[in-house]
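Quick notes on the structure that follows.
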Amino acid sequence: MALTKEQMAQRIARELKDGYYVNLGIGIPTLVANYVPEGMNIVFQSENGILGMGPFPYDGEEDADLINAGKQTVTLLPGSSIFDSSTSFAMIRGQHVQLTVLGAMEVTDTGDIANWKIPGKMVKGMGGAMDLVASAENIIVCMMHANKAGESKLLKKCSLPLTGVKCVKKVVTDLGVFDITPEGFKLLERAPGLSVEEIKAKTEGRLVVGSDVAEMIL
Amino acid sequence: MNKIVESADAALDGLQDGMTLMVGGFGLCGIPEKSIAALVRRGVKGLTCISNNAGVDDFGLGLLLQTRQIKKMISSYVGENAEFERQMLSGELQVDLIPQGTLAERCRAGGAGIPAFFTPAGYGTEVAEGKETREFNGKMYVLEDWLRADFALVKAWKGDRFGNLVYKRTARNFNPMMAMAGKVTVAEVEELVEPGELDPDEIHTPGIFVNRIFQGKGYEKRIEQRTTRKRN
């Protein structure tokens, strides 16, 4: 069975380590915040200028002056700090943020990523994505394995305009977990009940499969 | 020292057609609402606006798009804005999309007297096309130049007649860098206080960067994505 979005977030949460500063992109990555293990201290960064971002406010307690990078109203946790956009991207470019999780439209077996522009469609802009992917030491891409037409999003070469080159380290899809290695996508874990053959059939990029690929434990 | 002007309209004295403006804010958070309204009243045209976003159809910089006052936008993300999309696709509006961190740093560099800098953002992408690239310690970087503006329009929470500013929460965003990079920087504040009331240790933008300051009244502070959770 392919993973649900919640299960993908749950799996990514297992990559968190105590004391990490983490930037979560819009969409499925945002859900990772719901699965931080009990007792683990994680500080979430929002690139519009927050460290220590908390959950959405209770009804009636929204503050127009306190939003996240997705323009949603949020709250602050004790120990949080606020800063300007230049300082925020100093944290990102300066590699002070330990983990970045973001969505993508395409990823290649060498770690290239495309997630900001589809030629012929209205372009909204890259926001902070190019700064994030160019600088993070540890980038996990979280996306569906195939697009709506059923075509693999794990490719040899991106067909869409790039956001960054050779930067993605790990990919979590609804079918499995993959490391980007010099030999290509290395299948680390497969979604429960899914065979290696099924994953192979849906992966266009180079795929490396060890002798015994474990089923994911959620 | 008294930089107080009586109104938003007075603050824009000298702002002419074809000028380049920096406009603070992230989404609709921390935008200079009153200065934007004054720009509409002033009717200046052919503006180049440097701002992270372009507002929504009926608020923020969207108001200046409705009135066709903007010729070019320099932004990182232009979001959901039907009029923006229409003008961009028809070619009426020029749009320069640049990475958000690069935008912030180009404004900061403009204010800090640094004509260019190298950043890794955009290397190997269309953003780097036509730009100088260079290797430092085995990694490739792109040369980006500074941004400066004829007028920088910023919004703060509190300010005094020296131009010292304090921002509130994430309404800070691009405002401090833009305040540094304007030939004329106009700050609008929710509260104008007496010199000495702001703790010098807690001032975000020192008054040296601000030329004109005024107090705005009745801020709308529209929320783009109201998200809440239920009480248990």
| said: Which pairs turn up if I take residues in the stretch B:219-232 that are at the interface with chain A (Cβ under 7 Å from one of its Cβ atoms) and at positive phi and look for partners that are among the charged types (D, E, K, R) and not in a loop (DSSP other than H, G, I, E, B) with beta carbon separation below 9 Å, at least 6 apart in sequence or on another chain? | reply: B:K221/B:E33
| field | Breaking point among (1) among the aliphatic types (A, V, I, L, M); (2) in contact with a strand residue (DSSP E or B) (Cβ under 6 Å, 6 or more places away or on another chain); (3) without any contact (Cβ under 8 Å) to a residue 12 or more places away in the chain, for A:V141 | value | (3)
| query | Name the residues in the stretch A:51-68 that are part of a loop (DSSP other than H, G, I, E, B), open to solvent by 20 Å² or more (accessible area, probe 1.4 Å) and more than 7 Å from every other protein chain (Cβ to nearest Cβ), would you? | reply | A:G60, A:E61
| request: Keeping to the stretch B:198-214, report how many residues are within 14 Å of B:A156 (Cβ to Cβ) and either free of Cβ contacts under 8 Å to residues at least 40 places away in the same chain or among the basic types (K, R) (or both). | output: 3
| request: Please indicate, with yes or no, whether at least one residue in the stretch B:139-153 is on the phi > 0 side of the Ramachandran plot and at pLDDT 95 or above. | output: no
| Any idea which residue in the stretch B:86-109 is least open to solvent (accessible area, probe 1.4 Å), counting only those that are touching a strand residue (DSSP E or B) at 6+ places or on another chain (Cβ under 6 Å) and polar (S, T, N, Q)? | B:T102
| query | Would a scan of the stretch A:104-122 turn up a residue that is within 7 Å of another protein chain (Cβ to nearest Cβ), surrounded by fewer than 23 Cβ atoms within 10 Å (Cβ to Cβ) and over 28 Å from B:R229 (Cα atoms)? | reply | yes
| note | Within the stretch B:134-179, the residues that are open to solvent by 50 Å² or more (accessible area, probe 1.4 Å) and of a type in the set (D, E, K, R) are B:R134, B:E135, B:K139, B:D145, B:R148, B:K158, B:R161, B:K168, B:R169
| note | The strands (runs of 3 or more DSSP E) lying entirely within the stretch A:133-193 that contain at least 2 residues which are open to solvent by 50 Å² or more (accessible area, probe 1.4 Å) are A:184-190
| note | Scanning the stretch B:38-85 for residues that are part of a strand (DSSP E or B), of a type in the set (S, T, Y) and either modelled with pLDDT under 95 or surrounded by fewer than 22 Cβ atoms within 10 Å (Cβ to Cβ) (or both) gives B:T48
| field | Some residue of the stretch B:196-212 being surrounded by fewer than 19 Cβ atoms within 10 Å (Cβ to Cβ), part of a strand (DSSP E or B) and away from every other protein chain (no Cβ under 13 Å) | value | no
| query | On the given criteria, is B:G182 of a type outside the set (V, I, T), surrounded by 24 or more Cβ atoms within 10 Å (Cβ to Cβ), in contact (Cβ under 8 Å) with a residue 12 or more places away in the chain and away from every other protein chain (no Cβ under 14 Å)? | reply | yes
| remark: When the stretch A:20-42 is checked residue by residue, the ones that are away from chain B (no Cβ under 14 Å) and either buried (at least 22 other Cβ atoms within 10 Å of the Cβ) or in contact (Cβ under 8 Å) with a residue 24 or more places away in the chain (or both) are A:Y20, A:Y21, A:V22, A:L24, A:I28, A:P29, A:V32, A:Y35, A:P37, A:M40, A:I42
| What number of residues within the stretch B:110-128 are more than 8 Å from chain A (Cβ to nearest Cβ) and either buried (at least 23 other Cβ atoms within 10 Å of the Cβ) or basic (K, R) (or both)? | 2
| query | Which ones in the stretch A:204-218 are open to solvent by 20 Å² or more (accessible area, probe 1.4 Å), assigned to a loop (DSSP other than H, G, I, E, B) and under 24 Å from A:A114 (Cα atoms)? | reply | A:E204, A:R206
| note | Picked from the stretch A:72-107 (must be over 16 Å from the mean Cα position of the chain (by Cα) and β-branched (V, I, T)), the residue nearest to B:R172 (Cα to Cα) is A:I82
| remark: Only one of (1) within 14 Å of chain B (Cβ to nearest Cβ); (2) open to solvent by less than 30 Å² (accessible area, probe 1.4 Å) does not apply to A:H96, and that is (2)
| said: So, B:D150, is that one closer than 23 Å to A:I50 by Cα and more than 14 Å from chain A (Cβ to nearest Cβ) or not? | reply: no
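The values are calculated or read from the model by the stated rules, or taken from the named source; none is laboratory data. Every value quoted in this text rests on a predicted model; they were computed, and no experiment measured them. Here Cβ is always computed from backbone atoms with ideal geometry, including for glycine, and neighbour counts include all displayed protein chains. Accessible surface areas use protein heavy atoms only, side chains included; no ligands, DNA or RNA. Shrake-Rupley method; radii C 1.70, N 1.55, O 1.52, S 1.80 Å.
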